[in-house]
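Here is the structure we will look at, set down as structure tokens.
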Amino acid sequence: MKINGTPTRTIWPAKDGWAVEIIDQTRLPHELVNVRLESLADAAHAIKAMLVRGAPLIGATAAYGMALAARANSSDLALTVAYNILHATRPTAINLKWALDQMITALGKVPEDQRMAAAYARAAEICDEDVAINSAIGDNGATLIQAAWESARARGADRVNVLTHCNAGWLATVDWGTAIAPIYKAHDAGIPVHVWVDETRPRNQGASLTARELNWHGVPHTVIADNTGGHLMQHGMVDLCIVGTDRVTSNGDVCNKIGTYLKALAAKDNAVPFYVALPSPTIDWSVADGIKEIPIEERDATEQTHMTGKAADGSIVSVQVTPDGSPAGNWGFDVTPARLVSGLITERGICAASPEGLRGLFPERNG
Ligand code: MRU
């Protein structure tokens, strides 16, 4: 996508050809700052401290983390250590393990002295594949927005309203995004799409990141408090929900940012279609029951007790919103059972959130 007219990805090789650069997403929406990653430790820190975040981008950064590790030491032992360090950074998004496994497979095929070059090449491919996959998700999902727009227009509406949670836009991927890709494609095709952006406490990925990128692209949107969606749905103000995901099980259960489940419940109660957009590396074919089997990240309680923002003088400040001494809990994700999901938007098409739906689109997983 573009920032002020300049095509931009979230991660790219530095000009020197060996380091990697990222946008520091902890500084958004107020400051656009790039950070240079020069080592395995830098990559691990960027993922853990959420300079990069979003399941596909976590995977892409881990892939480059393996390349940086291979540059320092390409031995089997060093690569195993690097795999384990990167794998331990965040537990929920399966794209992390997927990307690390891709790298180990690619590096296992070549002698030690060729591993560094092979690692950079595979990491670059993973990034390019992510862009192509997300563009296809955008094309497939845009058909849903087009259909929703046609029904809204028939009822006399002048726009189609899509609600999204967290940030599953291009900042969460290498480019395009997953849930937001259909919105970009629809908007660019001239469909009058408006987005309700859940703020997404505690880290405010909706308010800070989704709003930032929709604003850059000129897509009409409104930031709402997390608890607002149900009210809007009761009043016919949401035509469609589209969210991203960090892990989809073989049964079609969907793990995504905390609060997604409550939006799906409200959508079901109000007969609002609830779609989930995902690239195939987000499917964890090894687990079936999302509630029982997906590890849910618990993060530092200060993310809940404090909020960061821009002060009147332009400085970035963190303020405490809870009383001293009140404990806080900070679960990062929840699981929406497949029965609440209207469909899964993938790069291969749209399917039911069910074993049959998924295996229909990915027949190589049958048997
Ligand atoms: O904690 P985050 O910011 O990494 O969580 C991101 C999300 O929950 C996204 O919705 C998900 O990764 C899908 S990204 C295309």
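A few notes on this one:
- Taking 0.36 nm per residue of separation and subtracting the Cα-Cα distance, full extension of the segment from ARG348 to ALA78 would add 93.6 nm.
- Overall shape: oblate for region 13-55, with the ratio a/c of the largest to smallest alpha carbon gyration tensor axis at 1.5 or above and b/c at least equal to a/b.
- Simple point charges give the picture: +1 on the Cβ of Lys and Arg, -1 on the Cβ of Asp and Glu, and for the chain a dipole about the Cα centre of about 360 debye.
- The chain: C-alpha gyration tensor shape, a/c 1.5 cut-off, then a/b vs b/c: prolate
- For region 323-335, 3J(HN,Hα) per residue [Karplus equation, 6.51 cos²θ - 1.76 cosθ + 1.60, θ = phi - 60°, Hz, x = Gly/Pro]: x, 3, x, 7, x, 9, x, 9, 7, x, 9, 9, 10
- Separation of region 226-301 from region 165-212 is 15 Å, based on Cα centroids.
- Taking trypsin sites (Lys or Arg not before Pro) across region 1-95, the ones in a DSSP loop with at most 14 further Cβ atoms lying within 10 angstrom of their Cβ are LYS15.
- Segment THR228-ALA132, length gained on full extension (0.36 nm per residue, minus Cα span): 31.2 nm
- Among the helices of the chain, those built from whole DSSP H runs whose Cα atoms reach 30 Å or more along their own axis and whose mean Kyte-Doolittle hydropathy is at least 0.0 are 115-154.
- Here is the list for region 86-182: trypsin sites (Lys or Arg not before Pro) lying in DSSP coil, each with at most 15 other C-beta atoms within 10 angstrom of its C-beta, are LYS109, ARG155, ARG159.
- Shape call, region 248-287: gyration tensor on alpha carbons, a/c limit 1.5: prolate
- Cα gyration tensor of region 2-128 - equivalent ellipsoid semi-axes, whole Å, descending: 24, 16, 12
- Per-residue extension of 0.36 nm, minus the Cα-Cα distance of LYS48 and ILE3, leaves a gain of 13.7 nm for this segment.
Read the figures in this text as sums done on the coordinates, not as results from a lab. No experiment lies behind these values; they were computed from the predicted model shown. Cβ: placed from backbone, ideal geometry, glycine included. Neighbour counts: every protein chain shown.
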